[in-house]
Amino acid sequence: MKTGVIGLGSMGAHMALNLHKAGHLYAVWNRTREKAERIAADTGALLAETPGELAGCCEFIVISVSRDLDVKGVIEALLPNIHSGAVVADTSTVSADTAKEVAARLRERDAAYLDCPVSGGVEGAKNGTLAMMIGGEATALEQVRAPLSAIAAIIVHMGPTGSGQATKAVNQIMAAGINQAVSESLAFGQAMGLSMDKVLDVIESGAASNWFLSHRGKTMLAGKFLPGFKVRLHHKDLEICRDMARKASSAALPIVEMTLNHYQRLMEAGYGDEDISALFRLKRQQYQDLERRMPRDPRVK
Ligand code: NAP
């Protein structure tokens, strides 16, 4: 199936490479041209000059861009050339409302839209093992299941348009809580003077083990926060969660509020493009501040 990829960032580049390995990749486009040039050179895919050119030669289009406005812009740019019967799968994390809006725009051109947000991080994108939560018509999903399987190991049809993004919002709230728990507990462990290698070993084998601890624990403790999943992107996702909750009810999301506040502080300090494990910076800082205020008595061992 002639498949095009729009957006070749941390996630999209790996998706394109996996589609190529499975024999589906036909064309690529990226706003910053050099990234698309690299993938086109490595795979032999067509380097489209515009999203419209890519739409004109593909039956299936995978999108991976940052925010709601970026998705809307890309959809408007490809609309004039899109083929009747084409399917667009958007793997970006955006609001359920945006999914419904762009699905309606594509329907006007007799094209189908699937909201296909993913979980599993850059590692999952690289290994083609992402978990994908899908909203939209089941018939459209069956049309593109083969190329999607090159990107994701788990593909779950959640229901109508928007339900993929609503499921992803659940995932992002949980990811915020896990980041809070892991970064806070590891900073505490370090301040206790424990051997953190041993702490990681033993905790990863017990009931508190989790993906984030296994994949980010070591680097976090070493003060390395290479993306990964950028702080500013998770901040964007949590704003979406907050908006969705406000529209649905007056329920509070305290973990979301606290994490938005922490990420805001990180972004203001210039760490917005670091991995979300950079939250450890704030947790660690508390102990360093405390030590500065109350220096240890050198006579006390
Ligand atoms: P990224 O590395 O920052 O890449 C973003 C991509 O979007 C780049 O290709 C960028 O183009 C493109 N883009 C941004 N604004 C655009 C616009 N207005 N028009 C056209 N292209 C635009 O981000 P990422 O980590 O790959 O994430 C992509 C999406 O996946 C986001 O919605 C994110 O929330 C979601 N996601 C990320 C992860 C993760 O672990 N990273 C996991 C699950 C889901 P340029 O190259 O020109 O900047």
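The values are calculated or read from the model by the stated rules, or taken from the named source; none is laboratory data. Since the structure is predicted, the reported quantities are computational estimates derived from the model, not experimental observations. We place every Cβ from the backbone using ideal geometry, glycine too, and count neighbours over all the protein chains shown. All accessible areas refer to the heavy atoms of the entire protein, side chains included, with ligands and DNA or RNA removed. Shrake-Rupley method; radii C 1.70, N 1.55, O 1.52, S 1.80 Å.
Quick rundown of the values:
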item	result
SER205 being over 15 Å from LEU279 (Cα atoms) and surrounded by 14 or more Cβ atoms within 10 Å (Cβ to Cβ)	no
Matching residues, region 125-151, being farther than 17 Å from VAL5 by Cα and within 10 Å of the ligand (Cβ to nearest atom)	ALA131
Number of positions in region 39-60 that are in contact (Cβ under 8 Å) with a residue 24 or more places away in the chain and either acidic (Asp, Glu) or assigned to a helix (DSSP H, G or I) (or both)	11
Filtered residues of region 225-247 (kept if in a helix (DSSP H, G or I), within 11 Å of the ligand (Cβ to nearest atom), touching a residue at least 40 places away in the same chain (Cβ under 8 Å) and not aliphatic (A, V, I, L, M))	ARG232, HIS234, LYS236, ASP237
Residue list for region 260-278, filter: open to solvent by less than 60 Å² (accessible area, probe 1.4 Å) and of a type in the set (Phe, Trp, Tyr)	TYR263
Residue list for region 118-138, restricted to those being closer than 24 Å to ILE276 by Cβ, open to solvent by less than 30 Å² (accessible area, probe 1.4 Å) and not hydrophobic (A, V, I, L, M, F, W, C)	GLY120, GLY121, GLY124, GLY128
Residues that are farther than 16 Å from GLN165 by Cβ, in a loop (DSSP other than H, G, I, E, B) and in contact with a helix residue (DSSP H, G or I) (Cβ under 6 Å, 6 or more places away or on another chain), drawn from region 110-134	GLY128
One residue from LEU141, LEU114 being surrounded by 19 or more Cβ atoms within 10 Å (Cβ to Cβ), in contact (Cβ under 8 Å) with a residue 40 or more places away in the chain and under 22 Å from ALA55 (Cβ atoms)	LEU114
